[in-house]
């Protein structure tokens with residue numbers, strides 16, 4: 001059969017979006033590996049499945065390039081919202097999208113998309129991390145270095161690490177080891193952060209199941225929360241990623257808001 005798809009990206013974090021409403025797809029781990037392959041497939045960091053939901057306007061499932069399914073993707077949900085609006089699937093200014101991380105609410109913000117990403121989780125066992133209580137500035141020995149990690153869940157797990165400079169850092173070498181460290185029972189995303197000033201940070205990210213990507217929305221949210229917790233920034237932070245800038249606000253009511261762009265690249269069809 002031929003499967004229609006739309007290639008999209010949020011700041012270079014790229015996706016294969018498939019509208020699965022009324023469609024049953026099986027064998028997603030294998031299909032995700034095949035389609036995300038950048039030489040033998042379409043090429044992407046992740047696959048997004050748009051579906052129906054009895055609890056919300058739409059549902060979203062996310063599969064990494066390695067075939068693993070994850071709970072949430074901040075850049076991905078902005079792309080999914082743009083897809084819905086551009087095709088007239090909903091005229092609502094604020095959508096309710098059912099994800100494994102709960103109901104997420106993207107809304108129009110001019111040419112950008114603003115997303116209520118919910119409340120950060122700081123309790124180690126709930127992130128999950130094999131530590132009790134808040135995991136802030138915790139030492140972690142990796143290869144030839146000791147890092148200090150602050151752990152946050154934004155519906156998926158993140159280990160945020162502050163470094164002097166992110167350029168030149170062996171993100172793949174350290175990130176791949178930290179992702180699968182025994183401290184993280186479900187693996188983890190890893191953010192390396194350079195603090196620029198009280199309002200902005202620079203970030204490189206190693207995504208669980210995808211490797212280093214140009215941007216990570218949930219990672220930017222986790223990094224902003226960790227930056228404020230460690231006294232580096234205020235509650236509004238511009239996060240500079242390799243693919244561009246995301247604007248994050250950790251509001252006083254404990255909700256995290258992310259604002260950024262989403263772009264469509266092309267439509268296509270592939271034999272499956």
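Where strands (runs of 3 or more DSSP E) fall entirely within the stretch 90-153, those with at least 1 residues that are assigned by TED's automatic domain parsing to the domain that holds residue 69 are at 97-99, 102-109, 112-116. When residue 87 is tested against (1) free of Cβ contacts under 8 Å to residues at least 12 places away in the same chain; (2) surrounded by 19 or more Cβ atoms within 10 Å (Cβ to Cβ), exactly one condition is not met: (2).
For residue 41, indicate whether it is outside the structural domain of residue 229 (by TED's automatic domain parsing), in a loop (DSSP other than H, G, I, E, B), at pLDDT 95 or above and at positive phi. Answer is no for this residue. Scanning the stretch 137-188 for residues that are under 19 Å from the mean Cα position of the chain (by Cα) and at positive phi yields 155, 187.
Go through the residues of the stretch 129-147 one by one and say whether even a single one is within 30 Å of residue 267 (Cβ to Cβ) and buried (at least 19 other Cβ atoms within 10 Å of the Cβ). Scanning the stretch 129-147, I find no residue that is within 30 Å of residue 267 (Cβ to Cβ) and buried (at least 19 other Cβ atoms within 10 Å of the Cβ), so the answer is no. The requirement of being farther than 23 Å from residue 3 by Cα and at pLDDT 95 or above is satisfied by residue 56.
The values are calculated or read from the model by the stated rules, or taken from the named source; none is laboratory data. Note that the structure is a prediction, hence the values are computed from the model and not measured. All Cβ positions, glycine included, derive from the backbone under ideal geometry; neighbour counts span all protein chains shown.
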